[in-house]
């Protein structure tokens, strides 16, 4: 559960957070962002490091278990300033691949709304998973949960400076916003960094959460996996992400859950 790092016993998830915030700050200075963006990345990274250290210093399990919910948001916002303009060549490749593989694929209205509803759950699903561990008396699995979730999610964020792309929804004719889609479009318009993460951080995070629960609380894990798969389908069909984003996000989740599982090698 704990690992020795700079003379202190840290949870693995805390080491992942420290590594991410430090690395993204370093990239901002090496990559030569404009001063405003560079200092924003540095400031958010500093806040992330301070909060991680403060959480570990308290030694309170409830603080250390729930702090990653806040730190994930900080990490997401820290990646945002790196999006200055898209990599047009890579973006075109992703878009053309989608048009080739998804040509003519359009879910009926009722299914589209159901998938949009699933996509809403990409935001609360992670704290819900942590809550289930607590409710089931499995708090000892918290570090496994967060390490397996944070590692692939942060890989997605960390690739943004190198493979920046715009979401497919802004490159294609707009889909009429009706029902639940109106809510999702409001959320991405007001709460997102207006950039696409390659691979998909939403899929990597929610799929990892489901896979951890499958190992710890199988009944809940199957339910979470169904939601995670629906989120993945909605990400593609709702044009929130490219197909390649979703597939690679799922692959990262599988690798992470296997790598950090206490049952693993």
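Laboratory data are not the source of any read-out in this text; all were calculated from the coordinates shown. Quick caveat: nothing in here was measured; it's all calculated off a predicted structure. Glycine gets a Cβ as well: all are built from the backbone with ideal geometry, and neighbour counts include every protein chain shown.
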(request) Just check segment 9-125 against the gyration tensor rule for me: Cα atoms, a ≥ b ≥ c as the square roots of the eigenvalues, rounded for a/c under 1.5, and otherwise prolate or oblate depending on whether a/b exceeds b/c. (result) oblate
(request) State, as an integer percentage, the relative contact order of segment 139-235 based on alpha-carbon contacts under 8 Å between residues 6 or more apart. (result) 36
(message) Sorting check: for 11-24, 189-202, which peptide has the highest mean count of neighbouring beta carbons within 10 Å, and how do the rest follow?
(response) 11-24, 189-202
(message) How long are the semi-axes of the equivalent ellipsoid of the chain, defined as square roots of 5 times the Cα gyration tensor eigenvalues? Whole Å, largest first.
(response) 30, 24, 15
(request) Determine, for each peptide in 238-245, 141-148, the mean count of other beta carbons within 10 angstrom over its residues, then list the peptides with the highest first. (result) 141-148, 238-245
(request) Counting only C-alpha contacts under 8 Å and six or more residues apart, can you give the relative contact order of the chain as a whole percent? (result) 22
(message) If packing is taken as the average number of other Cβ atoms within 10 Å across a peptide's residues, how do 249-257, 79-87, 157-165, 98-106 rank, most packed first?
(response) 249-257, 157-165, 79-87, 98-106
(message) Tell me whether segment 63-140 comes out rounded, prolate or oblate; compute the Cα gyration tensor, take square roots of the eigenvalues as a ≥ b ≥ c, and use a/c under 1.5 as the rounded threshold.
(response) oblate
(request) Pull out a ≥ b ≥ c, the square roots of the eigenvalues of the alpha-carbon gyration tensor of segment 82-197, then state rounded if a/c is under 1.5, prolate if not and a/b is larger than b/c, and oblate in the remaining case. (result) oblate
(request) Go ahead and estimate [θ] at 222 nm for the chain from helices alone: -39,500 (n - 2.57) per DSSP H run with n ≥ 4, summed, over the residue count, rounded to 500. (result) -23000 deg cm²/dmol
(request) Write down the radius of gyration of segment 133-263 and its Dmax, each obtained from C-alpha positions, in Å. (result) 15.5, 48
(request) Find the centroid of the Cα atoms in segment 44-80 and in segment 86-132, then give the distance between the two in whole Å. (result) 28
(request) Fewest Cβ neighbours within 10 Å first, please rank 66, 110 accordingly. (result) 110, 66
(request) Using only Cα positions of segment 215-265, each an equal point scatterer, no hydration layer, compute I(q)/I(0) via Debye at q = 0.30 Å⁻¹ and quote the log10 values to two decimals. (result) -1.09
